[in-house]
Amino acid sequence: LEAGWRDGRLDGVRELVLQPNVGEDLVRRWLVRRDYVLQSETIMEEDGRIYEILHALAGENKEAAEAWNTRLYDASELPLQMSAGYRSEWLYRMGPYLLQEGDELLKKKWRMELGKLERIRNQLALSTLSESREKEAALGDEMQQMEEVLQCLPMVKP
């Protein structure tokens with residue numbers, strides 16, 4: 001996306017439909033930085049893989065795009081115990097529209113992610129290095145936050 005932006009291939013492109021395989025949060029951040037506004041998100045499963053599809057439009061102008069994105073990623077309404085900064089981070093990671101919908105497939109995706117992190121944490125526990133303890137603790141914090149978001153999903157539905 002950034003290369004297309006820099007070399008002009010995205011000049012005049014007003015609508016983007018994107019299906020990132022990884023790094024959905026990075027794509028959402030790129031859209032915000034480039035004054036696109038996320039219109040919708042869909043999550044689907046095909047051949048055992050879960051995909052997110054993001055639909056974005058170029059903002060009418062920079063101010064309108066910033067206002068839209070500020071509202072979209074405003075996490076103050078999410079009933080989570082974590083700080084506002086972390087709540088906003090989870091909106092980028094899990095998707096603001098997907099979190100509102102609380103789809104079972106979203107839960108499945110993030111439960112699978114929790115399983116991956118747990119396996120990594122178990123491997124780190126076998127190490128005697130102090131760096132491993134730090135990484136293990138960081139993963140534990142991330143997993144706890146992820147659990148909190150997943151537990152709140154039904155309450156987030158409109």
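Taken as a whole, the stretch 38-54 holds no residue that is part of a loop (DSSP other than H, G, I, E, B) and in contact with a Phe, Trp or Tyr (Cβ under 9 Å, 6 or more places away or on another chain).
Among the residues of the stretch 13-37, the ones that are assigned to a loop (DSSP other than H, G, I, E, B) and touching a strand residue (DSSP E or B) at 6+ places or on another chain (Cβ under 9 Å) come to 7 in all. Return yes when residue 98 is of a type outside the set (Gly, Ala, Ser), within 24 Å of residue 5 (Cα to Cα) and touching an Asp or Glu at 6+ places or on another chain (Cβ under 6 Å) and no when it is not. Considered against the rule, which asks whether it is of a type outside the set (Gly, Ala, Ser), within 24 Å of residue 5 (Cα to Cα) and touching an Asp or Glu at 6+ places or on another chain (Cβ under 6 Å), residue 98 comes out as no. Considered as a group, the residues in the stretch 8-50 that are acidic (Asp, Glu) and surrounded by 13 or more Cβ atoms within 10 Å (Cβ to Cβ) include one that is nearest to residue 90 (Cα to Cα), and that residue is 25. Whether a residue is surrounded by 11 or more Cβ atoms within 10 Å (Cβ to Cβ), free of Cβ contacts under 8 Å to residues at least 40 places away in the same chain and among the aliphatic types (A, V, I, L, M) was assessed, and residue 65 passes this test. Looking at 143, 112, just one residue is under 25 Å from residue 42 (Cα atoms) and touching a residue at least 60 places away in the same chain (Cβ under 8 Å), and that residue is 112.
FYI, it's all coordinate maths here, none of it is from the lab. What you see is a predicted model, and the numbers here were worked out from it, not measured in a lab. Virtual Cβ from ideal backbone geometry, glycine too; neighbours counted across all protein chains shown.
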